[in-house]
Amino acid sequence: MLGVRYWAMKNRTLHLLFVTLFIAQALIAQESQPSTESALVPPAIAAAKRVFISNAGADDDSGKMFSTGPDHCYAEFYRQVQALKRYEIVSSPLQADLVLEINMTASPLRFATAVVRVRILDPKTHVVLWAFYERPAAANLAHTYGKNLDKAITRLVSNLKLLTEMPSRAP
(Lines give C-alpha, C1' and ligand atoms only; values in the text may rest on other atoms or scores of the structure.)
Protein backbone atom coordinates (compact mmCIF):
# COMPACT_ATOMS: atom_id res chain seq x y z
CA MET A 1 0.00 0.00 0.00
CA LEU A 2 2.89 2.32 0.81
CA GLY A 3 4.28 1.85 -2.69
CA VAL A 4 1.00 2.95 -4.32
CA ARG A 5 0.87 6.13 -2.21
CA TYR A 6 4.50 6.87 -2.99
CA TRP A 7 3.93 6.59 -6.77
CA ALA A 8 0.70 8.60 -6.63
CA MET A 9 2.45 11.37 -4.68
CA LYS A 10 5.44 11.26 -7.03
CA ASN A 11 3.14 11.49 -10.07
CA ARG A 12 1.30 14.48 -8.55
CA THR A 13 4.60 16.20 -7.81
CA LEU A 14 5.85 15.63 -11.36
CA HIS A 15 2.53 16.81 -12.77
CA LEU A 16 2.68 20.02 -10.69
CA LEU A 17 6.29 20.55 -11.72
CA PHE A 18 5.44 20.25 -15.43
CA VAL A 19 2.42 22.55 -15.11
CA THR A 20 4.55 25.14 -13.27
CA LEU A 21 7.29 24.94 -15.90
CA PHE A 22 4.71 25.27 -18.69
CA ILE A 23 3.16 28.37 -17.11
CA ALA A 24 6.57 29.92 -16.44
CA GLN A 25 7.65 29.29 -20.03
CA ALA A 26 4.43 30.86 -21.34
CA LEU A 27 4.93 33.95 -19.17
CA ILE A 28 8.55 34.35 -20.28
CA ALA A 29 7.58 33.97 -23.95
CA GLN A 30 4.83 36.54 -23.52
CA GLU A 31 7.23 39.08 -21.99
CA SER A 32 9.90 38.54 -24.65
CA GLN A 33 7.60 39.17 -27.62
CA PRO A 34 8.05 42.69 -28.95
CA SER A 35 5.11 45.01 -28.71
CA THR A 36 3.84 46.33 -32.02
CA GLU A 37 3.60 49.72 -30.37
CA SER A 38 7.35 49.81 -29.71
CA ALA A 39 8.23 48.91 -33.31
CA LEU A 40 7.08 52.12 -34.93
CA VAL A 41 7.87 52.63 -38.59
CA PRO A 42 10.42 55.29 -39.56
CA PRO A 43 8.47 58.29 -40.93
CA ALA A 44 10.40 58.22 -44.23
CA ILE A 45 8.67 54.94 -45.13
CA ALA A 46 5.14 56.24 -44.62
CA ALA A 47 5.90 59.59 -46.28
CA ALA A 48 7.57 58.17 -49.40
CA LYS A 49 5.99 58.96 -52.75
CA ARG A 50 8.82 58.00 -55.14
CA VAL A 51 10.85 54.78 -55.01
CA PHE A 52 13.75 53.34 -56.91
CA ILE A 53 13.70 49.55 -57.20
CA SER A 54 17.20 48.11 -57.00
CA ASN A 55 18.00 44.70 -58.45
CA ALA A 56 20.52 43.04 -56.14
CA GLY A 57 20.08 39.93 -58.29
CA ALA A 58 20.33 36.30 -57.33
CA ASP A 59 23.43 34.43 -56.39
CA ASP A 60 24.64 31.99 -59.04
CA ASP A 61 23.50 28.95 -57.10
CA SER A 62 19.89 30.07 -56.67
CA GLY A 63 19.51 31.17 -60.29
CA LYS A 64 20.74 27.78 -61.54
CA MET A 65 19.10 25.72 -58.82
CA PHE A 66 15.61 27.09 -59.42
CA SER A 67 15.81 27.85 -63.18
CA THR A 68 14.31 31.30 -62.66
CA GLY A 69 17.24 33.42 -63.74
CA PRO A 70 18.83 36.25 -61.81
CA ASP A 71 16.27 38.92 -62.82
CA HIS A 72 13.02 37.05 -62.20
CA CYS A 73 12.53 38.39 -58.67
CA TYR A 74 13.28 41.94 -59.75
CA ALA A 75 10.85 41.83 -62.68
CA GLU A 76 8.02 40.32 -60.62
CA PHE A 77 8.62 42.63 -57.65
CA TYR A 78 8.73 45.66 -59.96
CA ARG A 79 5.44 44.60 -61.58
CA GLN A 80 3.70 44.06 -58.24
CA VAL A 81 4.93 47.32 -56.67
CA GLN A 82 3.79 49.16 -59.80
CA ALA A 83 0.35 47.50 -59.47
CA LEU A 84 0.02 48.88 -55.92
CA LYS A 85 -0.27 52.38 -57.42
CA ARG A 86 1.18 53.62 -54.12
CA TYR A 87 4.52 54.86 -55.46
CA GLU A 88 5.94 56.56 -58.48
CA ILE A 89 8.81 54.33 -59.61
CA VAL A 90 11.74 56.50 -60.66
CA SER A 91 14.77 55.63 -62.79
CA SER A 92 17.43 56.94 -60.42
CA PRO A 93 17.97 56.58 -56.66
CA LEU A 94 18.78 60.31 -56.61
CA GLN A 95 15.14 61.06 -57.48
CA ALA A 96 13.73 58.60 -54.91
CA ASP A 97 12.44 58.99 -51.38
CA LEU A 98 13.26 55.31 -50.75
CA VAL A 99 15.24 52.53 -52.41
CA LEU A 100 13.59 49.10 -52.46
CA GLU A 101 16.31 46.49 -52.94
CA ILE A 102 15.35 42.92 -53.83
CA ASN A 103 17.52 39.83 -54.07
CA MET A 104 17.31 36.05 -53.94
CA THR A 105 19.87 33.74 -52.47
CA ALA A 106 20.06 30.00 -51.91
CA SER A 107 19.57 29.13 -48.29
CA PRO A 108 22.65 27.49 -46.78
CA LEU A 109 20.46 25.87 -44.11
CA ARG A 110 18.09 23.97 -46.36
CA PHE A 111 18.83 22.20 -49.59
CA ALA A 112 16.94 23.47 -52.64
CA THR A 113 15.31 26.43 -50.94
CA ALA A 114 15.77 30.11 -51.44
CA VAL A 115 15.36 33.28 -49.45
CA VAL A 116 13.93 36.36 -51.16
CA ARG A 117 14.78 39.61 -49.37
CA VAL A 118 13.58 43.17 -49.69
CA ARG A 119 15.50 45.92 -47.95
CA ILE A 120 14.15 49.46 -47.69
CA LEU A 121 17.01 51.96 -47.77
CA ASP A 122 17.31 55.70 -47.32
CA PRO A 123 18.84 56.85 -50.65
CA LYS A 124 20.77 59.69 -49.01
CA THR A 125 22.41 57.77 -46.16
CA HIS A 126 22.17 54.18 -47.52
CA VAL A 127 20.89 53.12 -44.08
CA VAL A 128 18.54 50.13 -44.04
CA LEU A 129 15.24 51.39 -42.64
CA TRP A 130 13.40 48.08 -42.77
CA ALA A 131 13.75 44.59 -44.26
CA PHE A 132 11.58 41.57 -45.07
CA TYR A 133 12.30 38.08 -46.26
CA GLU A 134 10.25 35.15 -47.52
CA ARG A 135 11.05 31.54 -48.31
CA PRO A 136 9.17 30.23 -51.34
CA ALA A 137 7.53 26.86 -50.80
CA ALA A 138 9.54 23.94 -52.14
CA ALA A 139 8.51 22.29 -55.40
CA ASN A 140 9.61 19.43 -57.61
CA LEU A 141 8.94 21.15 -60.93
CA ALA A 142 10.53 24.39 -62.15
CA HIS A 143 7.13 25.72 -63.24
CA THR A 144 5.63 25.09 -59.79
CA TYR A 145 8.65 26.63 -58.13
CA GLY A 146 8.24 29.75 -60.30
CA LYS A 147 4.65 30.07 -59.07
CA ASN A 148 5.78 29.59 -55.46
CA LEU A 149 8.46 32.23 -55.95
CA ASP A 150 5.87 34.67 -57.28
CA LYS A 151 3.65 33.95 -54.27
CA ALA A 152 6.57 34.73 -51.95
CA ILE A 153 7.08 38.03 -53.77
CA THR A 154 3.36 38.76 -53.40
CA ARG A 155 3.74 38.25 -49.62
CA LEU A 156 6.70 40.66 -49.61
CA VAL A 157 4.68 43.31 -51.45
CA SER A 158 1.80 42.75 -49.00
CA ASN A 159 4.22 43.27 -46.11
CA LEU A 160 5.42 46.47 -47.76
CA LYS A 161 1.84 47.69 -48.12
CA LEU A 162 1.03 46.85 -44.49
CA LEU A 163 4.20 48.58 -43.33
CA THR A 164 3.22 51.83 -45.03
CA GLU A 165 -0.10 51.72 -43.19
CA MET A 166 1.48 51.34 -39.71
CA PRO A 167 1.97 54.32 -37.38
CA SER A 168 5.20 56.22 -37.80
CA ARG A 169 7.65 57.41 -35.21
CA ALA A 170 7.50 61.12 -34.53
CA PRO A 171 10.24 63.00 -36.47
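The values are calculated or read from the model by the stated rules, or taken from the named source; none is laboratory data. Please read all numbers here as calculations on a predicted model, not as lab measurements. All Cβ positions, glycine included, derive from the backbone under ideal geometry; neighbour counts span all protein chains shown.
Condition test on VAL128, is it more than 24 Å from ASP150 (Cβ to Cβ), of a type in the set (Val, Ile, Thr) and at pLDDT 95 or above?
So VAL128 fits the description; yes.
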Between residues in segment 112-141 that are free of Cβ contacts under 8 Å to residues at least 12 places away in the same chain and residues that are surrounded by 13 or more Cβ atoms within 10 Å (Cβ to Cβ) and assigned to a strand (DSSP E or B), which pairs lie under 6 Å by C-beta distance while being six or more apart or on different chains? VAL128/ARG119; VAL128/LEU121
I want to confirm something. Restricting to segment 115-134 and keeping residues that are among the charged types (D, E, K, R) and in contact with a helix residue (DSSP H, G or I) (Cβ under 7 Å, 6 or more places away or on another chain), which single residue is surrounded by the most Cβ atoms within 10 Å (Cβ to Cβ)? GLU134
Is there a residue being at pLDDT 95 or above and within 17 Å of TYR78 (Cβ to Cβ) anywhere in segment 132-142? no
Residue count, segment 115-145 (criterion: among the hydrophobic types (A, V, I, L, M, F, W, C) and closer than 23 Å to ASP97 by Cα): 10
Options ALA39, ALA56, ALA96, ALA112: the member that is closer than 18 Å to LYS161 by Cα, at pLDDT below 95 and of a type in the set (Gly, Ala, Ser): ALA39
